[in-house]
There are 4 protein chains.
Amino acid sequence: MTYSVAVSGASGYAGGEILRILAAHPDIEIRTVTAHSNAGQPLIQHQPHLRSLAHLTLQDTTPEILAGHDIVFLALPHGQSGQYTDALGGTPLVIDAGADHRLESVADWDAFYGGDFHEPWVYGVPELPVAGATQRERLAGASRIAAPGCNASTVSLSLAPGVAAGVIDPSDIVTVLAVGPSGAGKSLKPNLLASEILGSANPYAVGGTHRHIPEIRQALAAARAGARTDGAESAPDEGIRISFTPVLVPMARGILATSTAPIAPGVSDAEIRAAWQDAYGDETFVQLLPAGQFPRTADVLGANTALIGLAIDRAANRVVVVTAVDNLVKGTAGAAVQSMNIALGLPEGTALTVNGVAP
Amino acid sequence: MTYSVAVSGASGYAGGEILRILAAHPDIEIRTVTAHSNAGQPLIQHQPHLRSLAHLTLQDTTPEILAGHDIVFLALPHGQSGQYTDALGGTPLVIDAGADHRLESVADWDAFYGGDFHEPWVYGVPELPVAGATQRERLAGASRIAAPGCNASTVSLSLAPGVAAGVIDPSDIVTVLAVGPSGAGKSLKPNLLASEILGSANPYAVGGTHRHIPEIRQALAAARAGARTDGAESAPDEGIRISFTPVLVPMARGILATSTAPIAPGVSDAEIRAAWQDAYGDETFVQLLPAGQFPRTADVLGANTALIGLAIDRAANRVVVVTAVDNLVKGTAGAAVQSMNIALGLPEGTALTVNGVAP
Amino acid sequence: MTYSVAVSGASGYAGGEILRILAAHPDIEIRTVTAHSNAGQPLIQHQPHLRSLAHLTLQDTTPEILAGHDIVFLALPHGQSGQYTDALGGTPLVIDAGADHRLESVADWDAFYGGDFHEPWVYGVPELPVAGATQRERLAGASRIAAPGCNASTVSLSLAPGVAAGVIDPSDIVTVLAVGPSGAGKSLKPNLLASEILGSANPYAVGGTHRHIPEIRQALAAARAGARTDGAESAPDEGIRISFTPVLVPMARGILATSTAPIAPGVSDAEIRAAWQDAYGDETFVQLLPAGQFPRTADVLGANTALIGLAIDRAANRVVVVTAVDNLVKGTAGAAVQSMNIALGLPEGTALTVNGVAP
Amino acid sequence: MTYSVAVSGASGYAGGEILRILAAHPDIEIRTVTAHSNAGQPLIQHQPHLRSLAHLTLQDTTPEILAGHDIVFLALPHGQSGQYTDALGGTPLVIDAGADHRLESVADWDAFYGGDFHEPWVYGVPELPVAGATQRERLAGASRIAAPGCNASTVSLSLAPGVAAGVIDPSDIVTVLAVGPSGAGKSLKPNLLASEILGSANPYAVGGTHRHIPEIRQALAAARAGARTDGAESAPDEGIRISFTPVLVPMARGILATSTAPIAPGVSDAEIRAAWQDAYGDETFVQLLPAGQFPRTADVLGANTALIGLAIDRAANRVVVVTAVDNLVKGTAGAAVQSMNIALGLPEGTALTVNGVAP
């Protein structure tokens, strides 16, 4: 069967990427695209790279227009999805690419976002080790899915195997990310102007203020819950601490996350490496590189692939995990479509590519 | 008086930057420029931006040609300076921009470089807190100076005040750097091709193998020696550990170093901030930004300035120091000229600019 | 049926892009990949973005190893294909991504390349207007195909409709191109280092020396032959003159060609626009944008699409055609695969995408 | 003596660059900086690279605040300078970096800008050949100066020697420029976002609509007037036609202008080259490169230098002139300060550098 789809926020970067991927999906008909301020304009005016969708016109983002499709993707700023989700009660599958349905903790929501709290949906990172299994099992048949934050899923995928296996200590994680500005969306902010980004590395949200921090803690807590084999679905994240610093660098797309954590006492190099190998050895879209090799973001451009390089630095007593993703694909839109495929029972990789566009 | 100068490695990036700075120095006459394989060619062919030096021709890099100047700058790959330094016994001031005279520990040299060990020279990072004073005092009147590694001086300047004051714990430092490829020199390596760097973030020397690690440990040990007030000139670096990961990003110049270290027990936020403020409050070329502000590499492009932003993340129990430098200026050539000025008793900032070229 | 394929030059940029596209082709089995100096190494070591081809090992590029496949792609420097083409007499389809089989004129070959001349093969730019039809007709059933030069096909597609329709004067064409360095291949040349390209615009081959000039003249002559309705297959290119200046800019991929030519006397704006509309109105991969719109290279990244914007500047008496292509796809590898599809009678767009990866 | 200076538009890119240059000027005291919406904020908040000016606070841009200085720089959007210039009647020297006082033709102003026409001031491109001399003579002692448009001065300097000498035909000029986005200012426009510019070449103002076109025609007419030796100060620009296409490329600064014009009948290569050599042979900041060499924008980054490469393409019957400038320095702020130096009788190169910051 063919599923009808509506995509809101279709003039933005996340919405555009969802459309780019769905345009190649044999089971999907993109019926409706919506955008707030640009309603009435041709989609192609805002997404001139989506040549195959030149026939679509942006409509207003209203519950009425979004309703009546098999699947609705919400690619809206945080705090805006909630008003639609109530009205979409009859929609079989809703996938929120925003933050509104990611967090389980009201306290975290209040501290990092604020405004109305919305119930958590199934988290859309299929390969994430969680409670002795993976997030994939929870996504099967799901009707409400929260696609991940791009930085959050990158870091969670980087470290969850080690946390789940107990080979690293999650109480003193340090992550620094080189990120492209498309992750910040198409907002007209002075610090996102090309003249400010070109030739420069620009840190932001330094010192523990980035909104993806609680999302990472939550994911790692879920991974640790598996390690504890206590079956808790959403484990408390006590003792999980992360220093998290993103740095904007001059590339449109991509995240290169360098994450380190102390080596747990007494574990061998082989045990450490086995944690990641066991977690991802059978995965298509999350791949552990051979020892001594590390990924580049160009290698996953346009692909739904997370590439992970792992080093064990005994002198510093830290495991170093370097992970490359395309923030708009594996970080957001690809994760959303992969989760959709799983929820619908379609082949998981439909419309998703494993090969990057390089150089 | 006017000092005559010879610069070896003049066709490379570090040599070119030394020349760019010296070309504006009122007390310097650039008399000789040398390069191995390009001898006989006009300098301007290899440094087309140095318009005011179009009259110079590259000569061979031999002890004979370098001798007979008041000052010689060596901008050569590591392992090559040693053969010249012996023959330059009669030269009043020799400054090595390479690594050969930086390390005090033979064991470190053997582990990270290999080949003949050369005696350590006075380290050319004037503002570095060391043994209760600064490195500036040691540079006054020096005749042999080792200019720093660009990554090393950036990280050492970032953390030395905290180590010297005892407000951070140097046993678990984590540093990740966004660096431009000019730091790697003009070598013809496939991973330095534009097609490989553009649009991509590329980690290298992951897991504790980068050659600047012992240089940082040595500088922080010197800073700690000051804290210990034991007067030791080159303190052992036991207990100083650093996880160090550089990431090549698509900007020609610049280093943005994000360094974190655990907060020492019991210190207040004010005490932490005071450590850096006290160290750098009177400095021209190393500036601590106000709380909540963080630097961008573009702001120091072409300048001899290190800009430091400081955050205290109590949730992660870490101090986060973000430092921006131009790797070729404050990281290398500017440090060399600043050290030269000090050694000669000239005004320290002669020919050096504090303002960056932005955007 | 499934066609077996060998790709030579598989460690380079053009070879890698052919592989990236073929990896998604349902009718192709990539059986053999070869490279001169890297034989024996895993393909993935040189093309780390081609995750689905991680099982392949580079073999030596010899006639014996290339023989025995249904299709052979040659992605070699010019002057090297000839030695293989003789030995591949039994191969049903050979596609040369190099220059050896593009030019019809021995004089042009001698003037711009030199060395042995090789016979011209069918030129692999399907949409090119030629002799009252398109190049597509000549490609149907072809067994030997010369894929185009990336700059050449971009400019030829830009101007051929106007030449064929007689609405522009081909005797005074001026083209300036912004091009990414991947078009120059993975060669270790100083001017291709990232430090040289980042933040800079660098002209090369200025003043009429670029090797793609005779290829453009040849294609436009073929287009004009159609206008003359004289049925000549390879028309002489007298009176076709082009000032051609490429400029390397800091993007890995992409060509933005700005081509201008005098307006032919007496033609109306509508007639001018109709020339391009008639030529490309039914094409999938060559699209004329609406009046007032112009393409960006990002919009065709990874796509087999050429986007063309057309302006008529009566004050300057020139038609201005701005065309964006991905040099590695529509400019080279995509053109090769599209031509292959036509030659084999497969659907022309198999494995090729019309949507770009943006932003 | 020390001149007191006020700079309006000080939070923008042009204003910031004027300040960067003046900060190194021994005869200038920067007393006042103004900006519309950002009045009351520290300058350093908007220009974090201007460390030596950290003590300055932005004031409102009013005639009262600007009055009372020896020199006022206006770095405002076009159409805004006029309201201040009347009130600055008592100011000895006013330099407008905007467009309001550049054009001599009301018709051109109406066609390309619109709104109130303002009287033309002395054009601030000292080296421009004009009426048998250079623009420098007109600037000596001037009290009102119009700094040039960055693209305009680049193209005018490129071609004026050939027009003045009669060796090229100005009736069919074609210019394509690779330009960095800083030339467009700090405006919050979607097409100037980093995600749109990174990895992409983006044409704009295609087809003869760019506002710098009449400025170029005016400058070339002045150059031709010199050739005519008829002494006319502002020659009509009949017969001067230019196809002009700028392309935004991913570098913060820089203009690389490729300009071509037909070779005048009967002139020799030596005569052509002599035209440029004679015009610029004694200049410091405009340099003709040796035959066969062409400039890169990186070579003039931060410098007040225009580098010109000249090719003679007999096959295309065109002279090709490739010129590199830093749009913010030689294109705008450097030209303004150089003109100021001339007007005040100071050494022309004070505070201006000829060497670029490369790589």
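The values are calculated or read from the model by the stated rules, or taken from the named source; none is laboratory data. Everything numeric in this text was worked out from a predicted model, so none of it was measured. Reconstructed Cβ throughout: ideal geometry from the backbone, glycine too, with neighbour counts over all protein chains shown.
Data overview
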quantity: Wholly within the stretch B:56-139, helices (runs of 4 or more DSSP H) carrying at least 1 residues that are of a type outside the set (Gly, Ala, Ser), touching a His at 6+ places or on another chain (Cβ under 9 Å) and at pLDDT 95 or above; calculated: B:106-112
quantity: Unmet requirement for B:Ala147, which otherwise passes all of (1) surrounded by fewer than 24 Cβ atoms within 10 Å (Cβ to Cβ); (2) touching a residue at least 12 places away in the same chain (Cβ under 8 Å); (3) farther than 25 Å from A:Val174 by Cα; calculated: (1)
quantity: Any hit, the stretch A:293-301, residues being part of a helix (DSSP H, G or I), closer than 30 Å to D:Leu198 by Cα and of a type in the set (Gly, Ala, Ser); calculated: yes
quantity: Some residue of the stretch C:314-325 being over 23 Å from C:Val125 (Cβ atoms), in contact with a Lys or Arg (Cβ under 9 Å, 6 or more places away or on another chain), within 11 Å of another protein chain (Cβ to nearest Cβ) and of a type in the set (Gly, Ala, Ser); calculated: yes
quantity: Qualifying residue in the stretch B:337-345 (condition: within 30 Å of B:Gly12 (Cβ to Cβ), without any contact (Cβ under 8 Å) to a residue 12 or more places away in the chain and not aromatic (Phe, Trp, Tyr)); calculated: yes
quantity: Residue in the stretch C:313-323 that is under 17 Å from C:Glu283 (Cα atoms) and surrounded by 24 or more Cβ atoms within 10 Å (Cβ to Cβ) present; calculated: yes
quantity: Matching residues in the stretch D:297-321 - criterion: being of a type outside the set (Asp, Glu) and under 26 Å from B:Ala358 (Cβ atoms); calculated: D:Thr297, D:Ala298, D:Val300, D:Leu301, D:Gly302, D:Ala303, D:Asn304, D:Thr305, D:Ala306, D:Leu307
quantity: Positions within the stretch A:308-357 being touching a Leu at 6+ places or on another chain (Cβ under 6 Å) and among the hydrophobic types (A, V, I, L, M, F, W, C), in sequence order; calculated: A:Ile308, A:Val321, A:Ala324, A:Ile342, A:Ala343, A:Val357
quantity: Some residue of the stretch A:309-326 being in contact with a Ser or Thr (Cβ under 8 Å, 6 or more places away or on another chain), assigned to a helix (DSSP H, G or I) and within 21 Å of A:Ala152 (Cβ to Cβ); calculated: no
quantity: Condition check for D:Arg31: assigned to a helix (DSSP H, G or I) and at pLDDT 95 or above; calculated: no
quantity: In the stretch C:296-313, residue nearest to the chain's Cα centre (by Cα) [restricted to those that are within 7 Å of another protein chain (Cβ to nearest Cβ) and small (Gly, Ala, Ser)]; calculated: C:Gly302
quantity: Evaluation of A:Ala343 against (1) surrounded by fewer than 24 Cβ atoms within 10 Å (Cβ to Cβ); (2) within 20 Å of the chain's Cα centre (by Cα); (3) assigned to a loop (DSSP other than H, G, I, E, B) (one fails), failing number; calculated: (3)
quantity: Residue list for the stretch B:276-292, filter: among the aliphatic types (A, V, I, L, M) and not in a strand (DSSP E or B); calculated: B:Ala279, B:Leu289, B:Ala291
quantity: Leading residue by the ranking (farthest from D:Val72 (Cα to Cα)) among those in the stretch D:129-141 that are surrounded by fewer than 24 Cβ atoms within 10 Å (Cβ to Cβ) and either within 17 Å of the chain's Cα centre (by Cα) or without any contact (Cβ under 8 Å) to a residue 60 or more places away in the chain (or both); calculated: D:Thr134
quantity: Selection count where residues are of a type in the set (A, V, I, L, M, F, W, C) and farther than 16 Å from D:Leu307 by Cα, scope the stretch D:254-273; calculated: 6
quantity: Some residue of the stretch C:213-220 being in a loop (DSSP other than H, G, I, E, B), outside the structural domain of C:Ala97 (by TED's automatic domain parsing) and charged (D, E, K, R); calculated: no
quantity: Failed item in (1) under 20 Å from the mean Cα position of the chain (by Cα); (2) not in a loop (DSSP other than H, G, I, E, B), with B:Gly349 passing the rest; calculated: (2)
quantity: Selected residue (only one of A:Ala10, A:Ala6, A:Ala39 is buried (at least 24 other Cβ atoms within 10 Å of the Cβ), in contact with a strand residue (DSSP E or B) (Cβ under 9 Å, 6 or more places away or on another chain) and assigned to a loop (DSSP other than H, G, I, E, B)); calculated: A:Ala10
quantity: Selection count, the stretch A:152-180, where residues are assigned to a strand (DSSP E or B) and among the small types (Gly, Ala, Ser); calculated: 1
quantity: Residues (more than 7 Å from chain A (Cβ to nearest Cβ) and under 30 Å from C:Ala358 (Cβ atoms)) located in the stretch B:187-220; calculated: B:Pro190, B:Asn191, B:Leu192, B:Leu193, B:Ala194, B:Ile197, B:Leu198, B:Tyr204
quantity: Residues of the stretch A:46-57 satisfying the condition of being within 12 Å of another protein chain (Cβ to nearest Cβ) and either of a type outside the set (Lys, Arg) or within 19 Å of A:His69 (Cα to Cα) (or both); calculated: A:His46, A:Gln47, A:Pro48, A:His49, A:Leu50, A:Ser52, A:Leu53, A:Ala54
quantity: Restricting the stretch D:276-295 to residues that are in contact (Cβ under 8 Å) with a residue 24 or more places away in the chain and either at the interface with chain C (Cβ under 10 Å from one of its Cβ atoms) or surrounded by fewer than 18 Cβ atoms within 10 Å (Cβ to Cβ) (or both), the residue that is farthest from D:Gln338 (Cα to Cα); calculated: D:Phe294
quantity: Flag if B:Val179 is within 23 Å of the chain's Cα centre (by Cα) and either within 21 Å of A:Ile173 (Cβ to Cβ) or more than 8 Å from every other protein chain (Cβ to nearest Cβ) (or both); calculated: yes
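Condition check ((1) at pLDDT 95 or above; (2) assigned by TED's automatic domain parsing to the domain that holds A:Asp278; (3) of a type in the set (A, V, I, L, M, F, W, C); (4) touching a Ser or Thr at 6+ places or on another chain (Cβ under 8 Å)) across all residues:
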{"position": "A:Ala160", "(1), (2), (3), (4)": "yes, yes, yes, no"}
{"position": "A:Leu177", "(1), (2), (3), (4)": "yes, yes, yes, yes"}
{"position": "A:Glu196", "(1), (2), (3), (4)": "yes, yes, no, no"}
{"position": "A:Asp230", "(1), (2), (3), (4)": "no, yes, no, no"}
{"position": "A:Glu233", "(1), (2), (3), (4)": "no, yes, no, no"}
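Residues are listed down the side, and each one gets a yes or a no for (1) within 20 Å of the chain's Cα centre (by Cα); (2) crowded, with 23+ Cβ neighbours inside 10 Å; (3) in a strand (DSSP E or B); (4) touching a residue at least 60 places away in the same chain (Cβ under 8 Å):
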{"site": "D:Glu238", "(1), (2), (3), (4)": "no, no, no, no"}
{"site": "D:Phe244", "(1), (2), (3), (4)": "yes, yes, yes, yes"}
{"site": "D:Arg253", "(1), (2), (3), (4)": "yes, yes, no, yes"}
{"site": "D:Ser259", "(1), (2), (3), (4)": "yes, yes, yes, yes"}
{"site": "D:Pro265", "(1), (2), (3), (4)": "no, no, no, no"}
{"site": "D:Glu271", "(1), (2), (3), (4)": "no, no, no, yes"}
{"site": "D:Ala274", "(1), (2), (3), (4)": "no, no, no, yes"}
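Residues checked against (1) more than 13 Å from every other protein chain (Cβ to nearest Cβ); (2) within 19 Å of the chain's Cα centre (by Cα):
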{"residue": "A:Tyr3", "(1), (2)": "yes, no"}
{"residue": "A:Ala10", "(1), (2)": "yes, yes"}
{"residue": "A:Tyr13", "(1), (2)": "no, yes"}
{"residue": "A:Gly16", "(1), (2)": "no, yes"}
{"residue": "A:Ala23", "(1), (2)": "no, no"}
{"residue": "A:Ile30", "(1), (2)": "no, no"}
{"residue": "A:Val33", "(1), (2)": "yes, no"}
{"residue": "A:Asn38", "(1), (2)": "no, no"}
{"residue": "A:Ile44", "(1), (2)": "no, no"}
